[in-house]
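Participant: One structure is given below, represented as structure tokens, and several questions about it will come after.
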Ligand code: FES
């Protein structure tokens with residue numbers, strides 16, 4: 001079969017959730033604090049297992065409907081924008097060009113491990129830009145995954161990138177310090193309990209993208225009061241405020257968010273949130289305060305910075321069932337392929 005896939009596309013396509021997860025674990029120690037959470041959140045937002053399942057489906061649109069997917073879930077449609085919440089987004093043009101060059105020169109016979117290739121490209125970009133390599137490792141990993149999901153040809157198309165100039169001037173230390181800030185509650189604030197107010201930032205690159213909420217309110221409830229824009233016009237899933245919501249009871253999976261800063265200031269994951277978020281497919285962890293949360297369940301005890309994904313769906317159970325079916329068929333194969341095995345079974349029976 002003739003395909004327009006490059007050798008680098010083929011190399012990337014050998015990597016599944018498990019190999020990417022191992023790669024990310026290796027890379028995390030080389031990623032600057034300012035992008036550690038952001039990179040992990042981005043990889044949770046764009047899982048390769050879901051992409052591959054849709055790609056290989058007989059009817060991807062039908063499957064997407066079955067998985068209740070809404071919004072913009074294909075990276076090919078957001079190559080230059082999906083990662084706006086990473087600090088490294090400002091280096092995207094250089095990273096993109098370097099990854100394209102790396103892909104064009106790639107030779108399968110000399111292929112190093114995926115993590116080493118990412119670090120190699122990040123090192124070249126850092127030298128070119130005269131910045132610390134740790135600031136470009138996360139965004140370079142994002143570029144590799146984006147190319148895997150979008151393909152070389154789509155990745156190679158010229159794109160447009162938005163970058164807020166004021167945000168772009170901030171140093172990593174400034175961004176981290178803004179994330180760590182809590183709202184002053186006034187002189188006698190320490191005496192207050194329920195009437196404390198906290199700021200939730202939902203786009204760090206936009207000075208107006210924040211709302212206030214009461215202490216111990218859930219993130220989605222606080223967002224509903226934000227009528228500063230026509231949210232529905234921006235994204236039809238946003239029926240009430242900036243965070244998409246439907247059920248408000250951990251049943252639909254619409255309200256998932258990433259927590260860039262302040263995860264420790266949210267309530268612990270309760271049993272229902274933990275069970276449902278795994279069923280939806282967003283995260284599978286026993287952590288009490290993970291980076292991915294359901295906004296209708298996570299209550300806040302301080303100022304936080306979150307990211308709202310461009311899509312939502314319910315795919316965790318489906319992917320697990322697919323994986324188990326594949327494992328069962330692989331386990332069964334040697335016996336079925338082996339005529340002697342049948343002969344032995346016949347004799348036993
Ligand atoms: S709004 Fe349905 S899970 Fe949160």
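Computed from the coordinates by the stated procedures, all read-outs in this text should not be read as laboratory data. Being a predicted model, the structure only gives us computed values, none of them experimental. For neighbour counting, all protein chains shown are included, and Cβ atoms are generated from backbone atoms with ideal geometry for every residue, glycine included.
Participant: In nm, what is the difference between 0.36 nm times the number of residues separating residue 271 and residue 227 and their Cα-Cα distance?
Facilitator: 12.7 nm
Participant: Just subtract the alpha-carbon distance of residue 156 and residue 301 from 0.36 nm times their residue separation and send over the number in nm, one decimal.
Facilitator: Net length gain for the segment: 47.8 nm.
Participant: Right, another one. Give the Debye-formula value of log10 I(q)/I(0) at each listed q (0.14, 0.16, 0.23 Å⁻¹), with one equal scatterer per alpha carbon of the range 123-180, two decimals each.
Facilitator: For the requested q values the scattering log ratios are -0.57, -0.73, -1.13.
Participant: Using a Förster distance of 56 angstrom, determine the FRET efficiency expected from the C-beta separation of residue 177 and residue 332, and round it to 0.05.
Facilitator: 0.50
Participant: Give me the percent relative contact order of the range 157-271, please, defined on Cα pairs under 8 angstrom at least 6 residues apart.
Facilitator: The value is 16 percent.
Participant: Further question: How high is the relative contact order of the range 232-318? Use alpha-carbon pairs under 8 Å, at least six apart in sequence, and give a whole percent.
Facilitator: Dividing the mean separation by the residue count of the range 232-318 yields 38 percent.
Participant: Let me ask something else about it. For residue 208 and residue 247, what does the FRET efficiency come to when R0 = 25 Å and r is the distance between their Cβ atoms, rounded to the nearest 0.05?
Facilitator: The value I calculate is 0.35.
Participant: Right, another one. With each pseudo-label sitting 7 Å past Cα toward Cβ, what's the residue 320-residue 287 distance in nm, one decimal?
Facilitator: 2.0 nm
Participant: Scaled to the compact-protein estimate 2.2 N^0.38 Å, what is the alpha-carbon radius of gyration of the chain, rounded to two decimal places?
Facilitator: Dividing the Cα radius of gyration by 2.2 N^0.38 Å gives 1.10.
Participant: Now for a different question. Taking the highest mean first, how do the peptides 35-46, 200-211 order by number of other beta carbon atoms within 10 angstrom per residue?
Facilitator: In decreasing order of mean packing, 35-46, 200-211 become 35-46, 200-211.
Participant: Starting with the highest mean, order 61-68, 217-224 by the number of other Cβ atoms within 10 Å, averaged over the residues of each peptide.
Facilitator: In descending order of packing, they fall as 217-224, 61-68.
Participant: Further, regarding this structure: On a 0 to 90° scale, report how tilted helix 92-104 is relative to the longest principal axis of the chain, with both axes built from alpha carbons and the result rounded to the nearest 10.
Facilitator: The angle comes out near 10 degrees.
Participant: While we're here: Between 0 and 90 degrees, rounded to the nearest ten: what's the tilt of helix 271-280 against the longest Cα principal axis of the chain?
Facilitator: 50 degrees
Participant: A follow-up question, please. Looking at the square roots a ≥ b ≥ c of the eigenvalues of the Cα gyration tensor of the range 211-316, which shape do they give, rounded for a/c under 1.5, prolate if a/b is larger than b/c, or oblate?
Facilitator: It is oblate, given that a/c is not under 1.5 and a/b is not larger than b/c.
Participant: Roughly how many nanometres apart are two label points built 7 Å out from the Cα toward the Cβ at residue 18 and residue 216?
Facilitator: My value for the distance between the label points is 4.5 nm.
Participant: Quick check: from the Cα gyration tensor, does the range 17-142 come out rounded (a/c under 1.5), prolate or oblate?
Facilitator: It comes out prolate by the Cα gyration axes.
Participant: Where the centre of each part is set by its Cα atoms, how far does the range 253-321 sit from the range 20-61, in angstrom?
Facilitator: The range 253-321 and the range 20-61 have Cα centres spaced 16 Å from each other.
Participant: Now for a separate question. For a test of the definition: using alpha carbon positions, the gyration tensor, and the 1.5 limit on a/c, classify the range 73-163 as rounded, prolate or oblate.
Facilitator: Verdict is oblate for the range 73-163.
Participant: So how tilted is helix 114-129 from the main axis of the chain? Cα-based, degrees 0 to 90, rounded to 10.
Facilitator: The angle comes out at about 50 degrees.
Participant: Relative contact order for the range 194-255: what is it in percent, counting Cα pairs under 8 Å that are at least 6 residues apart?
Facilitator: Relative contact order, the range 194-255: 21 percent.
Participant: Under 25 °C and 0.890 mPa s, how fast does the range 193-262 diffuse according to Stokes-Einstein, given a Kirkwood radius computed over C-alpha pairs? Answer in µm²/s, whole number.
Facilitator: This corresponds to a translational diffusion coefficient of 192 µm²/s.
Participant: Quote the FRET efficiency, to the nearest 0.05, computed for residue 97 versus residue 28 with a Förster distance R0 of 22 Å and r equal to the Cβ-Cβ distance.
Facilitator: It comes to 0.35.
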